[in-house]
Amino acid sequence: MMEKYDVIVIGGSAAGLTAAQTARRHYPDKKILVIRKEERVLIPCGIPYIFGSLEGPKQNLIPDMAYEKMNLGLQIDEVVNVDREKRIVETKNGQFAYDKLILSTGSYPAMPPIPGHEKEGVFAIIKDVDYLTRLQDKLHAVKNVVVIGGGFIGIEIGDEIKKSGVENVSIIELEEHCLSQSYDEEFCIEMEEHLRSRGIRILTGSKVMSIEGGQQVEAVKLADGSTIPAEVVILGIGAVANSDLAKKIGLRIGLTGGILVDRAMRTNDTHIFACGDCAEKVSFFGGQPSPLRLASIATLEARVAGANLFGIRREAPGTIGVWGTAVGEMGLGTAGLTEKMAKAHGYNVVSAVNESVNRHPGKLPGASKIKIKLVFEARSGVLLGGQIRGDASTGEITNAISACVQSRMTAEQIAMFQLGTHPLITASPIAYGIVNAAEAAIGKMVK
Amino acid sequence: MHKLLIIDDDVDFLEITSVYLKDKGYAVETASSPEEGLQKTKSVEPDLVVLDVMMPEGYEGFEVARNIREQLELTELPIIILSCIHDRKQVPYRFAPDKDYLPIDVFLDKPVKPEVLLEKIEELLGERRVNPSQIL
């Protein structure tokens, strides 16, 4: 007999598991099943660290204990079809009836069609334990690695591979600077210099024309005619929605290839929701389609979808674009628009930078310099974004700034914060970065 | 009336798709090889190009897209790639629009429902056109 569930979630990564947990919290009596094809699920953002800091992919897995703890059914199986009329999910091994369905089928790595991309030794970053284990094994025996793409995946993987002992690691970035989509130039340059100090070769403003060699990759050829030897080439240029199942069952697809959803994360089928990398996104700033694929967005959307299954309770505000990266001791964080991006969006901006120390006095152990840049709309004073460079504390400062952006707070409101401080864990109350950056921006606005 | 150019080495596909799109009010021209495609892009001056990739087996369509942008300097001409390359090659990654490496507007996997192709054409030719390559 076919099993019937109130809720079925397809996909068990960050969005799928979060959606199922949210559904459980909001609907304690409902019968919920997660269907995923992976026996073990990798932590997506932890993937770079399997090449250096961790022993391998098996140390980077999402624990399955939540399923038992929250009374969520788990079926390791591959979905082959959905009968939308009868509301039945068909898998390789059976059929499962649903009342509400959530698609969280994730993304694929994007592959640029560079001639030679099919050669042995060319790898994309695929969320698959066996594939990444093969890459890791291969890396043990090579001297030259080229990473194409200087976004956060590229720089983190490049640094970890270097850390694992590979002699020559080069990162090739097409834009003028690594990370330039999410950080203003001064932050990008600091990170590039930091990477160079760790022995990594950074080539910016460089386009890869072809991947050279016989069956096996031997080198990467650049637009200026130069070649860089490489036994392994890793592609880290981004991700695109995996909307294969949605297309097959006739759901509407958006312009960037994701499943089209409204702000309540509903697809064009009233019984089907979508969230995470597979769903089409709009920007928090102006509402245009957004190509960003980040855990911060995926899990927010999952908390919206899971809560809305049996009545609309939440709406997604659009993609702010908050994330951090770290290389060695240096952490970078970004939330919202950079000054450059804000101008490209058409905003008139005022920005201010503050540098402070995250202990007081600064001679205390663990003290580190923190640089904060805030970007405001010039007339209203509304915060559009912020960037931070510092140590591990960067992460939570980034999140505080993201909360301000999402609340559309003004420079004046930020300057009026009541702050809790302590010598051993924060900056001084008289030199507090976010507040002083807001005050500096207000000074420029009133001129 | 908008003019479309479909470049594909599958002549049956060309015929069926032409009939469908003509019925929807478009003027449709076809080309069955990469060379003819590029030449007609120049001579016919289409408003939008629908382009196959494997003609017959390689990545010829990617080259045509690059040539439209670089050789013909038609940087604004909307291009939809319509290809079965992902399914045929069974690859664990996806080719996707990229302003530098794959300068197209939309990548659709074959087989595609005619109404889905029509929807994308309408989106790209509509007044509220969002140029995906310019999305920030």
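Brief remarks on what is shown
- q = 0.18, 0.21 Å⁻¹: log10 I(q)/I(0) that the Debye formula gives for the stretch A:223-306, counting C-alpha atoms only: -0.74, -0.94
- With a 10 Å cut-off around each Cβ of A:248-256, the average count of Cβ atoms from other chains is 3.
- Residue order, fewest to most surrounding Cβ atoms within 10 angstrom, among A:ILE148, A:ILE126, A:ILE8: A:ILE126, A:ILE148, A:ILE8
- Between A:GLU185 and A:ASP29, the distance separating the two model label sites (each 7 Å from Cα on the Cα→Cβ line) works out to 6.3 nm.
- Using R0 = 51 Å, the C-beta based FRET efficiency linking B:ALA27 and A:ILE425 works out to 0.15.
- Annotation for the stretch A:223-276 versus the stretch A:323-364: alpha-carbon center distance of 29 Å.
- Take the Cβ atoms of B:ASP100 and A:THR227, set R0 to 22 Å, and the FRET efficiency comes out at 0.70.
- Choice from A:PRO57, A:PRO317, A:PRO423 showing the highest fluctuation, given a GNM over chain A with Cα pairs closer than 10 Å: A:PRO423
- Using R0 = 45 Å, the C-beta based FRET efficiency linking B:GLU36 and A:GLU3 works out to 0.25.
- The stretch A:123-156 and the stretch B:1-78 have Cα centres spaced 36 Å apart.
- Distance from the alpha carbon centroid of the stretch A:294-310 to that of the stretch A:98-119 works out to 20 angstrom.
- About the centre of its Cα atoms, the stretch A:238-297 shows a dipole size close to 40 debye [charges on the beta carbon of Lys, Arg (+1) and Asp, Glu (-1) only; nearest 20 debye].
- For chain B, the normalised intensity computed at q = 0.09, 0.15, 0.19 Å⁻¹ comes to -0.23, -0.67, -1.14 (log10 of I(q)/I(0), Debye sum over alpha carbons, equal scatterers, no solvent).
- Dipole magnitude for the protein assembly as shown: about 2180 debye, using +1 per Lys or Arg Cβ and -1 per Asp or Glu Cβ, origin at the Cα centre.
- At full extension, A:ALA97 and A:GLU55 could sit 11.0 nm farther apart than now, given 0.36 nm per residue minus the alpha carbon distance.
- Set B:LYS3/B:LYS120; A:LYS340/A:LYS444; B:LYS22/B:LYS113; A:LYS37/A:LYS248; A:LYS281/B:LYS89; A:LYS138/A:LYS162 screened for pairs whose C-alpha atoms are more than 20 Å apart: A:LYS281/B:LYS89
- Look at the dipole of chain B built from charges on Cβ: of B:TYR20, B:ALA96, B:GLY37, the Cα furthest out on the positive end belongs to B:ALA96.
- Stretch gain in nm, segment A:GLU176-A:GLU355, where the contour uses 0.36 nm per residue and the Cα spacing is subtracted: 61.9 nm
- Positive-end extreme of charge dipole, the stretch A:192-292 - chosen from A:LEU222, A:PHE285, A:VAL208 (charges on Cβ): A:PHE285
- Site pair B:ASP10 and A:MET65 shows an inter-label distance of 5.1 nm when each label is modelled 7 Å from Cα along Cα→Cβ.
- With a simple spin-label model that places each label point 7 Å from the Cα along the Cα-to-Cβ direction, the separation between A:GLU193 and A:SER407 comes to 3.5 nm.
- Three-way shape label, the protein assembly as shown, alpha-carbon gyration tensor, a/c 1.5: rounded
- Nearest-20 debye value, the stretch A:111-237 charge dipole, Cβ charges on Lys, Arg, Asp, Glu: 460
- Selected from A:MET70, A:THR319, A:ILE425, residue furthest toward positive end of dipole (the protein assembly as shown; charges at beta carbon): A:ILE425
Just so you know, all these numbers are worked out from the coordinates, no wet-lab data involved. If you're wondering where the values come from, they're calculated on a predicted model, not measured in any experiment. For neighbour counting, all protein chains shown are included, and Cβ atoms are generated from backbone atoms with ideal geometry for every residue, glycine included.
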